[in-house]
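> Below are the structure tokens for one structure; questions will follow.
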Amino acid sequence: MMNWTNGLSKVYVRVSPVATVWLSASVFQIRQENMPTLQEGSTLYYEEEGKNKSEGVELSLTGNLADNWSVFAAYAYIEYEDQSPNVVVRKFDRYPPHALTASTSYRIASGPFDDIVLGFGYRYRHKSLHTMRGSYIGGDFYSGDSHVFDCSADIPLRKFGGPKNVTLSLACKNIFNERYIESNRHYYQCFPGDPRTLEIALQANF
């Protein structure tokens with residue numbers, strides 16, 4: 001049985017520079033102990049002597065820039081250090097050191113397209129290294145930078161003579177069909193992100 005001991009320290013600040021917008025900032029440090037690591041000279045046996053530390057900052061902005069315009073943006077920076085005994089490379093980008101997510105939506109207020117909500121999103125992940133059960137295996141195994149764009153539209157069906165409480169939702173995820181790795185962990189396990197995906201849904205209120 002693996003007994004992982006985790007510790008999280010975080011300093012968090014949240015302010016509202018204007019009435020409808022919130023800005024959040026935090027500094028964090030995560031320590032993990034008793035992590036499984038390969039025994040020295042072995043490729044099959046593990047011992048619970050692994051330690052690591054992750055620390056960084058998080059920033060986010062959320063709220064309404066106008067009556068019908070909302071935004072969300074979040075940025076994170078992280079540094080990782082393997083503090084296990086006998087490791088040669090201690091600091092490496094096990095996780096994307098820079099990550100950014102941003103989205104916005106706008107509700108058309110007047111005219112023939114009133115009440116239609118248009119959305120746009122952007123996701124960025126910096127290059128990060130793949131690992132072998134969390135351990136450094138060299139700079140040749142990595143996920144490159146990725147830039148993913150999404151868009152959406154919510155259309156009330158009443159505009160086409162349909163029921164008032166039903167909305168047609170259209171979305172295109174990964175507009176430019178970017179090839180990217182969503183996450184990776186442990187023994188060369190990499191999870192590819194979704195290719196270009198079209199979504200159609202009906203939402204109803206009762």
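> Quick check: convex hull of the Cα atoms in region 101-149, volume per residue, rounded to a whole Å³?
Values: hull volume 4.0 nm³, N = 49.
About 81 Å³ per residue, rounded to a whole number.
> Moving on. Compare 176, 113, 160 in a GNM of the chain, Cα atoms joined below 10 Å, and give the one with the largest fluctuation.
In this elastic network of the chain, the residue with the biggest mean-square fluctuation among 176, 113, 160 is 160.
> Let me ask something additional. Apply the Karplus curve 6.51 cos²θ - 1.76 cosθ + 1.60, θ = phi - 60°, to the phi angles in region 108-117 and return the couplings in whole Hz, x for Gly and Pro.
Here the 3J(HN,Hα) series is 5, 8, 8, x, x, 10, 4, 6, 7, 10 Hz.
> Hey, another quick one. Fully extended, how many nm does the chain gain between residue 14 and residue 205 (0.36 nm per residue separation, minus their Cα-Cα distance)?
Working: separation 191, 0.36 × 191 = 68.76 nm, distance 3.35 nm.
Additional length available on full extension: 65.4 nm.
> Check residue 181: other-chain or 5+ apart residues with amide H under 5 Å from its amide H, H built from backbone geometry?
Residues meeting the criterion, in which the H sits 1.01 Å from N, are 193.
> Once the piece of chain linking residue 55 and residue 26 is laid out straight, how much longer is it, given 0.36 nm per residue of separation minus the C-alpha distance between them?
9.4 nm
> Are there trypsin sites (Lys or Arg not before Pro) in region 112-144 that DSSP puts in a loop and that have at most 16 other Cβ atoms within 10 Å, and which ones?
127, 133
> Mind listing the phi-derived Karplus ³J(HN,Hα) values for region 139-151, rounded to whole Hz, using 6.51, -1.76 and 1.60 with θ = phi - 60°, and x for any glycine or proline?
x, 7, 10, 7, 9, x, 4, 9, 10, 10, 10, 10, 8
> State, as an integer percentage, the relative contact order of region 70-206 based on alpha-carbon contacts under 8 Å between residues 6 or more apart.
On the way: 307 pairs, mean separation 24.4, N = 137.
This gives 18 percent for region 70-206.
> With a probe of 1.4 Å, find how much accessible area the chain has per residue, and write the answer as a whole number in Å². Can you show the working numbers first?
Numbers: 13470 Å² over 206 residues.
I get 65 Å² per residue for this part.
> Quick one: which residues, 5+ away or cross-chain, put their amide H under 5 Å from the amide H of residue 116? H built at 1.01 Å from N.
108
> Shifting gears a bit: All other residues with a Cβ under 14 Å from the Cβ of residue 98 taken together, and with Lys, Arg as +1 and Asp, Glu as -1, what is their net charge?
Numbers: positive: 94, 123, 125, 127; negative: 58, 79, 93, 145.
Net local charge, residue 98 excluded: 0.
> In whole Hz, what ³J(HN,Hα) sequence does region 190-206 give by Karplus (6.51, -1.76, 1.60; θ = phi - 60°), x for Gly and Pro?
For region 190-206, the Karplus-derived couplings read 10, 10, x, x, 5, x, 4, 9, 9, 10, 10, 8, 10, 10, 10, 10, 10 Hz, x marking Gly and Pro.
> Would you kindly calculate the translational diffusion coefficient of the chain, applying Stokes-Einstein with the Kirkwood radius from alpha carbon pairs, for 37 °C and a viscosity of 0.692 mPa s, and quote it in µm² s⁻¹ without decimals? If you can, show how the numbers build up before the last one.
Working: Rh = 20.4 Å.
Calculated translational D: 161 µm²/s.
> Follow-up question, since we're still on this one. With springs connecting C-alpha atoms under 10 Å apart, model the chain as a Gaussian network and identify which of 19, 74, 99 has the largest mean-square fluctuation.
In the Gaussian network model the winner is 19.
> Using R₀ = 22 Å, calculate the FRET efficiency as 1/(1 + (r/R₀)^6) where r is the Cβ-Cβ separation of residue 45 and residue 137; round to 0.05. All intermediate terms of the calculation are to be shown ahead of the outcome.
Numbers: r = 18 Å, r/R0 = 0.81.
The calculated FRET efficiency here is 0.80.
> Summing Lys, Arg as +1 and Asp, Glu as -1, what charge do residues with Cβ under 11 Å from the Cβ of residue 121 carry, residue 121 excluded?
Working: positive: 123, 173; negative: 150.
Combined, the nearby Lys, Arg, Asp and Glu give +1.
> For the pair residue 147/residue 89, report the inter-label distance in nm, with labels modelled 7 Å from Cα in the Cβ direction.
Inter-label distance under the simple model: 2.7 nm.
> Run the accessible area of the chain with a 1.4 Å probe and give the carbon-and-sulfur part as a rounded percent. Write out the running numbers ahead of the final one.
Details: 7640 of 13470 Å².
Carbon and sulfur atoms account for 57 percent of the accessible area of the chain.
> If you count, for each residue, the other Cβ atoms within 10 Å and average over each peptide, how do 25-36, 193-204 line up from highest to lowest?
Values: 25-36: 15.9, 193-204: 11.0.
Most protected by this proxy first, the peptides run 25-36, 193-204.
The values are calculated or read from the model by the stated rules, or taken from the named source; none is laboratory data. Just so it is clear, the structure is predicted and the values come from calculations on it, not from any experiment. Note that we place each Cβ from the backbone using ideal geometry, even for glycine, and neighbour counts take in every protein chain shown. Note: areas computed on protein heavy atoms with side chains; ligands, DNA, RNA excluded. Shrake-Rupley method; radii C 1.70, N 1.55, O 1.52, S 1.80 Å.
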